[in-house]
Amino acid sequence: MIRVAVTGAAGRMGTEVVRAVWRAEDLMLVAAVDVRRVNTDAGVLAGLGEIGVPVREDLEGVLDEVRPDVLVDFTAAAAAVQNARLALGKGVRPVVGTTGIPAAELEELRRLSATVGVGAVVAPNFALGAVLMMRFAAEAARFFPQVEIIELHHDQKIDAPSGTALKTAELLAEVRGDFRQGLPTEELKLPGVRGGTYDGGIRIHSVRLPGLVAHQEVIFGGTGQTLTIRHDSTSRESFMPGVLLAVRKVMDLRGLVYGLDRLLFET
Ligand code: NAP
């Protein structure tokens, strides 16, 4: 049995993880941590009824007492880095789904994980379909270098653009090399109307509306044609197979793996 603790256990993703871990036969939910709903049973928050795992606030105390094998984190960027640092320091393997972690802090976690020889996974998108969408987009960029990204999420999402959009742009930029797109100057009647610009002029547009979960379109333009690659997560359950896969795989890793794609195709 792999012993799993969850940070952000009262949140939208955290409650989903609590449910998925609780139902997995080879995993044991040993702790739930959040700064909200402290002392409430995590099962009640996740719609499972009482499971005898109350939400606690003190991660350090939890790690010392409960000694989980893996810590799954879906909180906020600053908290996630702090939580992963703490976990690695105690030999607990972090699986981080929280997005918006700055590159410098990701590198710090990579170094720490290598130094202590403990596995870690950071993945901005745990949905298998999203990973495939990014892979297909990178393939298409070899033939269609002119591209824009539209990502659409629920209106409670704090960071923009999404980690997935940034990761997609990073992959596209790698494939395109020195390619530059777009006019040198544009006459904008409304500031920001052309979205944010990633390396080489890749535009990213972020839509935030209730009713959405997590969606992305990568639109390629060519002579007389466009190609659209689209992925939709219509429920947060879509992330759970990827999260559980990471929990199982992180047990055999030494060092940090970034991205579900690397975990699926390179480990
Ligand atoms: P959410 O509903 O706001 O849940 C986050 C929870 O973590 C909240 O209860 C929050 O409390 C709590 N929290 C904040 N700091 C904490 C700390 N230091 N220790 C313990 N708990 C803490 O957010 P969500 O929608 O679940 O999303 C969480 C993260 O997952 C976001 O970064 C989101 O972009 C990301 N996400 C990733 C994927 C993926 O596949 N990788 C998929 C969906 C979402 P307060 O509200 O009081 O701060």
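Considering (1) surrounded by fewer than 17 Cβ atoms within 10 Å (Cβ to Cβ); (2) within 11 Å of the ligand (Cβ to nearest atom); (3) under 16 Å from the mean Cα position of the chain (by Cα), say which one Leu71 fails and leave the rest.
Single failed check for Leu71: (1).
Of Val66, Val55, Val35, which residue is more than 10 Å from the ligand (Cβ to nearest atom) and not basic (Lys, Arg)? Steps first, answer last, please.
Numbers: Val55 fails: more than 10 Å from the ligand (Cβ to nearest atom); Val35 fails: more than 10 Å from the ligand (Cβ to nearest atom).
The conditions single out Val66.
Output yes when any residue across segment 211-226 is within 23 Å of Glu107 (Cβ to Cβ), out of contact with any Ser or Thr (no Cβ under 7 Å at 6 or more places or on another chain), modelled with pLDDT of 95 or more and away from the ligand (no atom under 16 Å from the Cβ), and no when none is.
no
Of these, Asp159, Asp261, which one is buried (at least 18 other Cβ atoms within 10 Å of the Cβ) and within 14 Å of the ligand (Cβ to nearest atom)? If you could, list the steps in order and put the result at the bottom.
Values: Asp159 fails: buried (at least 18 other Cβ atoms within 10 Å of the Cβ).
Selected residue: Asp261, the only one of Asp159, Asp261 that is buried (at least 18 other Cβ atoms within 10 Å of the Cβ) and within 14 Å of the ligand (Cβ to nearest atom).
From Glu266, Glu237, Glu217, which residue is among the charged types (D, E, K, R), farther than 27 Å from Thr15 by Cα and open to solvent by 50 Å² or more (accessible area, probe 1.4 Å)? First the steps, then the outcome.
Values: Glu237 fails: farther than 27 Å from Thr15 by Cα; Glu217 fails: open to solvent by 50 Å² or more (accessible area, probe 1.4 Å).
None of the others qualify; the one that does is Glu266.
Could we say that Glu60 is within 12 Å of the ligand (Cβ to nearest atom) and either open to solvent by 50 Å² or more (accessible area, probe 1.4 Å) or not assigned by TED's automatic domain parsing to the domain that holds Pro161 (or both) here? If you could, list the steps in order and put the result at the bottom.
Numbers: within 12 Å of the ligand (Cβ to nearest atom): yes; either open to solvent by 50 Å² or more (accessible area, probe 1.4 Å) or not assigned by TED's automatic domain parsing to the domain that holds Pro161 (or both): yes.
Yes.
Check off (1) open to solvent by 30 Å² or more (accessible area, probe 1.4 Å); (2) aliphatic (A, V, I, L, M); (3) within 14 Å of the ligand (Cβ to nearest atom) for Ala103 and give me the number that stays unchecked.
Status for Ala103: all satisfied but (3).
Give the residues of segment 74-90 that are more than 7 Å from the ligand (Cβ to nearest atom) and open to solvent by 50 Å² or more (accessible area, probe 1.4 Å), sorted by residue number.
Selection gives Ala78, Arg85, Gly89, Lys90.
Does Arg93 qualify as being surrounded by 16 or more Cβ atoms within 10 Å (Cβ to Cβ), over 17 Å from Val243 (Cα atoms) and touching a helix residue (DSSP H, G or I) at 6+ places or on another chain (Cβ under 7 Å)?
Against the criterion (surrounded by 16 or more Cβ atoms within 10 Å (Cβ to Cβ), over 17 Å from Val243 (Cα atoms) and touching a helix residue (DSSP H, G or I) at 6+ places or on another chain (Cβ under 7 Å)), Arg93 does not qualify.
What number of residues in segment 132-153 are closer than 21 Å to Leu264 by Cα and out of contact with any Phe, Trp or Tyr (no Cβ under 9 Å at 6 or more places or on another chain)? Steps first, please.
In the first step, residues of segment 132-153 are kept if they are closer than 21 Å to Leu264 by Cα; the result is 132-140.
Narrowing further to those that are out of contact with any Phe, Trp or Tyr (no Cβ under 9 Å at 6 or more places or on another chain): 132-134, 136, 138-139.
Number of matching residues: 6.
Among (1) over 21 Å from the mean Cα position of the chain (by Cα); (2) without any contact (Cβ under 8 Å) to a residue 40 or more places away in the chain, there is one condition Gly196 misses while meeting the rest; what is its number?
Against the list (1) over 21 Å from the mean Cα position of the chain (by Cα); (2) without any contact (Cβ under 8 Å) to a residue 40 or more places away in the chain, Gly196 comes up short only on (1).
Which pairs turn up if I take residues in segment 21-44 that are outside any loop (DSSP other than H, G, I, E, B) and look for partners that are within 12 Å of the ligand (Cβ to nearest atom) and of a type in the set (Asp, Glu) with beta carbon separation below 8 Å, at least 6 apart in sequence or on another chain?
As it stands, the answer is Val33/Glu57; Val33/Asp58, since those pairs meet every condition given.
The values are calculated or read from the model by the stated rules, or taken from the named source; none is laboratory data. Values in this document were obtained by computation on a predicted structure and should not be read as measured data. Every residue, glycine among them, receives a Cβ derived from its backbone with ideal geometry; neighbour counts consider all protein chains shown. Heavy atoms of the whole protein, side chains included, go into the accessibility calculation; ligands, DNA and RNA do not. Shrake-Rupley method; radii C 1.70, N 1.55, O 1.52, S 1.80 Å.
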